[in-house]
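The structure under discussion appears below in the form of C-alpha cells.
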Amino acid sequence: SAGRQSNPRVRMLLDRGGEVVIELYPEQAPLAVERILTLVRERFFDGCKFHRVESFLVQTGKRDHDYPPVSGEMFSQHLTHGEGMVGMARLPHDYDSAATQFYIIKERRPRFNGEYTLFGEVVEGMGYIHKIKKGHKIKQMEVIE
C-alpha cells in the first residue's frame, strides 16, 4: 500500500462474515482519524447498521450521538475517491458537519473529490464491502496495534 507502515489500521468484522482492514491517513486528515480511532476504541460502531447502500458506496455510523462535529479537512487534500477509499459523511450544505458517519467507496466518484474528507483506505477485504446490503451490520471494529 502507498502508506507508511506507521499508519494506524482498524479491523472491521462484518455480521455476515468477512474481515475488512482499513489503513488510516493521519497526515491527510488528523481530525477525522483521531475521531474514528476514538469511536472504534469506545466500541461505537459495534452493531452499527449500513443504513445507506448505493452502487458506488456503503455508509454507516449513527445520527444519535453526543459527539461534536469535526472540521472538514477536504480542502487541503490531494486524495481522490477511488475504490476502497474511506471518508467522513456530512450534511449536504455544511463542510464542517461530519461527526460519526463514514462511507467506503465502491467505484470511482470524481465529483466527490474535494467535497468530503477522506481519511483512509481499505487494504484488505474489499470484496466483502461489495457484498454489503442495506441493514447488514458491523459486528465489531478494533484498532490493530
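Restricted to region 41-87, and to residues there that are within 19 Å of Lys139 (Cα to Cα) and among the polar types (S, T, N, Q), the residue that is most open to solvent (accessible area, probe 1.4 Å) is Gln59.
Within region 4-31, being surrounded by 17 or more Cβ atoms within 10 Å (Cβ to Cβ) and in a loop (DSSP other than H, G, I, E, B) holds for Asn7, Pro8, Tyr25, Pro26, Gln28, Ala29. Could you please let me know if Gly120 is in contact with a helix residue (DSSP H, G or I) (Cβ under 9 Å, 6 or more places away or on another chain) and under 27 Å from Gly47 (Cβ atoms)? Yes, satisfied. Can you find a residue that is free of Cβ contacts under 8 Å to residues at least 24 places away in the same chain and of a type in the set (Gly, Ala, Ser) anywhere in region 6-13? Within region 6-13, one or more residues are free of Cβ contacts under 8 Å to residues at least 24 places away in the same chain and of a type in the set (Gly, Ala, Ser).
So, Gly72, is that one touching an Asp or Glu at 6+ places or on another chain (Cβ under 6 Å) and assigned to a loop (DSSP other than H, G, I, E, B) or not? Answer is yes for this residue. When region 94-103 is filtered for residues that are surrounded by fewer than 18 Cβ atoms within 10 Å (Cβ to Cβ) and farther than 14 Å from Gly114 by Cα, only Ser97 remains.
Checking Thr38 against (1) modelled with pLDDT of 95 or more; (2) assigned to a loop (DSSP other than H, G, I, E, B); (3) out of contact with any strand residue (DSSP E or B) (no Cβ under 8 Å at 6 or more places or on another chain), which test does it fail? For Thr38, the failing item is (2).
Taking every residue in region 122-145 that is within 18 Å of Met85 (Cβ to Cβ) and pairing it with any residue that is open to solvent by 50 Å² or more (accessible area, probe 1.4 Å), at least 6 positions away or on another chain, the pairs with Cβ-Cβ distances below 6 Å are Val123/Ser1; Gly125/Glu19.
Filtered by the rule that a residue be of a type in the set (Asp, Glu) and modelled with pLDDT under 95, region 66-101 gives a lone residue, Asp66.
The values are calculated or read from the model by the stated rules, or taken from the named source; none is laboratory data. Source: prediction; values computed, not measured. Quick reminder, even Gly has a Cβ in these numbers, built from the backbone with ideal geometry, and neighbours come from all protein chains shown. Ligands, DNA and RNA are excluded from the accessible area calculation, which covers all protein heavy atoms including side chains. Shrake-Rupley method; radii C 1.70, N 1.55, O 1.52, S 1.80 Å.
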